[in-house]
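Colleague: This is the structure, below, for whatever I ask next.
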Amino acid sequence: MFSPLCFPVRLEEDNIFVLDETRLPFEEKYIKVNTLKGALKVLGEMKTRAFGQVLLFFYTCVLHKDIDEVASTFKETRPTFDFDRLAETLKKYAREKEDLREVVNRIVKEFEKNRIKRAKKLAGLLPARANILTICNLNGELIYIYQALKEMGKGACFFVCETRPYLQGTRLTLWELNRANIPVRILCDNQAAILMKEGAVNCVIVGSDRSNKKGDIINKIGTYSLAILAKYFHIPFYALIQFPKDIEIEEINIEQRQEKEVFMWIEKRDSWPRAIYPAFDITPKRFISDWIDISGKFEE
Amino acid sequence: MNLEEIKSLILIWGMISKEAIEQLKVEFLYHKGLYILVPEMRPYLLGLAVSKNLKNSRIRHIYATDNMLGYLFYKNKIKKTLFFYKEITPSGAVGICGSLYACLLSSLHNVPIKLLKGGIESNPLDKDASTINGNLFINDPGLAIEAKDELVPWEILK
């Protein structure tokens, strides 16, 4: 089972190839990038996100060389994600080895190994028949979780929130699970409560863009609602985290995107109502049952 | 619009009635910083129809997708919820898809819910998460969970 979303960004020679996630599921198209400016454009336009933006960051550093400049400009473009942390990791390892490309390849390999390890750890916590509610897209990690569950003799079905306004749930997660022949259903974001009440789901799994050492997380808008509802219905809520920092979660800047993006995928009009678009929300520790950390050699 | 610009919101869930629009016009005369929060109300995109009605009545409002409600409650922006129900039953009030989500989030944040009889909905293009505005986003529409009216129990509406 492989999803192009497991590795949505690749480095080949002196070009970065970015899977245009905004074209999925209609078209599997890659955008060629070979400058910092080009990388910032695809990042700002949400052509890639989540694990893709991690890969894009590392590969841009390989081409552009100036790690600090890449980190500061990436942060300006997507302010919620912790690019400084990635820069620190890269600089730490770059000191030991001269070839940045080799360092990046090693980190990416290690990262992938740890994602699989993390999936196995989480699968061990899930029930024998896991009906998993999820949001947005975890770049192939749900496939790893399904594989791990199968190896343990467990079964699973995924219930994916469509994740308005960008529809990452429908366009990415449903698409990648369905093409891997994994049982999956799609729901409107507001159907989460009724599914929980009816007992259709028995656990929730989400990713996180940021987390702190207290256990609070920041993730795709809609995550907090799932967490507080899950708590009410006594359903375990699991967060996949990386690089938790010693920071107050409220200090992190929640990105607010352009109003017009709220109306994505709806017919074009001359005017739209005024709108808000916080891209992420905060889920405090008290609503989270367990945190599955990614830890590996480069974290030591 | 930036979230920091918004002080107080009244959340609308369901199809607003003409009577309620008249009441809101009066309320707006006395509360300058107030906005109506119009969620999208998937799958029907009912929010677009509600927004049009409010615009025609010159009532200030803000549009958001349904999954933004939780964060707005968390940020203490929503002060009241107006739940436009379809039917009252001995067990609770029945409303459109997502009514339990909106009312339970209100209740869990101690935001009062006012029950009002809903207006008449037009025939929506979308019946479930497989489409938006009639455009199909998945190969197999059968994978979408059917959107149904939802009962909100009285203990949540208290």
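Colleague: Among the GluC sites (Glu not before Pro) within the stretch A:124-218, which fall in a DSSP loop and have no more than 16 other Cβ atoms within 10 Å of their own Cβ? It would help to have the intermediate numbers written out before the result.
Modeller: Details: sites: A:GLU141, A:GLU151, A:GLU162, A:GLU176, A:GLU198; in loops: A:GLU162, A:GLU198.
For GluC sites (Glu not before Pro) across the stretch A:124-218 that sit outside H, G, I, E and B with at most 16 neighbouring Cβ atoms in 10 Å, the list reads A:GLU198.
Colleague: To the nearest 20 debye, what is the magnitude of the charge dipole of the stretch A:121-299 about its Cα centre, counting +1 on the Cβ of each Lys and Arg and -1 on the Cβ of each Asp and Glu?
Modeller: 420
Colleague: Counting every Cα pair in the stretch B:1-149, what percent are over 19 Å apart?
Modeller: When every Cα pair of the stretch B:1-149 is considered, 53 percent fall beyond 19 Å.
Colleague: Taking a ≥ b ≥ c as the square roots of the Cα gyration tensor eigenvalues, with a/c under 1.5 meaning rounded and otherwise prolate when a/b beats b/c, else oblate, which class fits the stretch B:1-41?
Modeller: Cα axes put the stretch B:1-41 in the oblate bin.
Colleague: With θ set to phi - 60° and the Karplus curve 6.51 cos²θ - 1.76 cosθ + 1.60, what are the ³J(HN,Hα) couplings of the stretch A:261-268 in order, to the nearest whole Hz, using x for Gly and Pro?
Modeller: Values per residue, Gly and Pro as x: 5, 4, 9, 4, 6, 9, 4, 6 Hz.
Colleague: On a 24 Å Cα-Cα criterion, which of the cross-link pairs A:LYS29/A:LYS120; B:LYS18/B:LYS114; A:LYS65/A:LYS260; A:LYS220/B:LYS25; A:LYS75/A:LYS260; A:LYS268/B:LYS55 come out too long?
Modeller: Values: A:LYS29/A:LYS120 31 Å; B:LYS18/B:LYS114 16 Å; A:LYS65/A:LYS260 35 Å; A:LYS220/B:LYS25 35 Å; A:LYS75/A:LYS260 22 Å; A:LYS268/B:LYS55 18 Å.
Too far apart for the 24 Å limit: A:LYS29/A:LYS120; A:LYS65/A:LYS260; A:LYS220/B:LYS25.
Colleague: Net charge within 14 Å of B:LYS127 by Cβ-Cβ distance, Lys/Arg positive one each and Asp/Glu negative one each, not counting B:LYS127 itself?
Modeller: -4
Colleague: Would you give the gap between the C-alpha center of the stretch A:266-284 and the C-alpha center of the stretch A:17-59, rounded to a whole Å?
Modeller: Spelled out, the Cα-based centre of one part sits 22 Å from the other.
Colleague: With everything on Cα atoms, drop me the angle between helix B:18-30 and the longest principal axis of chain B, reported from 0 to 90° to the nearest 10.
Modeller: 40
Colleague: Moving on to the next point. What is the ratio of the Cα radius of gyration of the stretch A:1-64 to 2.2 N^0.38 Å, where N is its residue count, to two decimals?
Modeller: 1.01
Colleague: May I pose another question? Rounded to whole Hz and in sequence order, give me ³J(HN,Hα) for the stretch A:269-280 from the Karplus expression 6.51 cos²θ - 1.76 cosθ + 1.60, θ = phi - 60°, writing x for Gly and Pro.
Modeller: After applying 6.51 cos²θ - 1.76 cosθ + 1.60, I find 9, 6, 9, 10, x, 4, 9, 10, 8, x, 7, 9 Hz.
Colleague: Multiply the residue separation of B:GLU27 and B:LYS127 by 0.36 nm, subtract the distance between their alpha-carbon atoms, and state the gained length in nm to one decimal.
Modeller: Extra length available between B:GLU27 and B:LYS127 comes to 32.6 nm.
Colleague: Antiparallel versus total DSSP beta bridges in the stretch B:3-157: what percent is that, nearest 5? Before the final figure, lay out the partial values.
Modeller: Numbers: 10 of 28 bridges.
Of the beta bridges lying entirely in the stretch B:3-157, close to 35 percent run antiparallel.
Colleague: Let me ask something additional. Given Cβ point charges of +1 (Lys, Arg) and -1 (Asp, Glu) and nothing else, what value in debye, to the nearest 20, does the dipole of the protein assembly as shown about its Cα centre take?
Modeller: Dipole about the Cα centre, nearest 20: 680 debye.
Colleague: For the stretch B:55-93, run through the trypsin sites (Lys or Arg not before Pro) and keep only the ones in DSSP coil with at most 14 other Cβ atoms within 10 Å of their Cβ. Present the calculation step by step, with values, prior to reporting the outcome.
Modeller: On the way: sites: B:LYS55, B:ARG58, B:ARG60, B:LYS75, B:LYS77, B:LYS79, B:LYS80, B:LYS86; in loops: B:ARG58, B:ARG60, B:LYS75, B:LYS77, B:LYS86.
Hits after loop and neighbour filter: B:ARG58.
Colleague: How far apart, in nm, are the 7 Å Cα→Cβ label points at A:LYS41 and A:ILE247?
Modeller: 2.9
Colleague: Note the full-extension length gain between B:GLU155 and B:SER8 as 0.36 nm times their separation in residues minus their Cα-Cα distance, in nm to one decimal.
Modeller: On the way: separation 147, 0.36 × 147 = 52.92 nm, distance 2.55 nm.
Extending this stretch completely gives an extra 50.4 nm.
Colleague: Can you tell me, using C-alpha contacts under 8 Å and at least 6 residues apart, the relative contact order of chain B as a whole percent?
Modeller: Normalised by residue count, the contact order of chain B is 27 percent.
Colleague: Another question, if that's okay. Can you give the convex hull volume per residue for the Cα atoms of the stretch A:4-111, as a whole number of Å³?
Modeller: Value for the stretch A:4-111: 89 Å³ per residue.
Colleague: Which percent of Cα-Cα pairs in the protein assembly as shown sits in each 20 Å bin, short to long?
Modeller: P(r) for the protein assembly as shown, in whole percents per bin: 25, 56, 18, 1.
Colleague: Please work out the C-alpha center-to-center distance from the stretch A:131-206 to the stretch A:212-252 and express it in whole Å.
Modeller: A separation of 18 Å, based on Cα centres.
The numbers here are math on the coordinates, done by the rules we state, and not lab data. Worth saying up front: this structure is predicted, and the values here are computed from it rather than measured. A quick note on method: Cβ atoms are made from the backbone with ideal geometry, for glycine too, and the neighbour counts reach across all protein chains shown.
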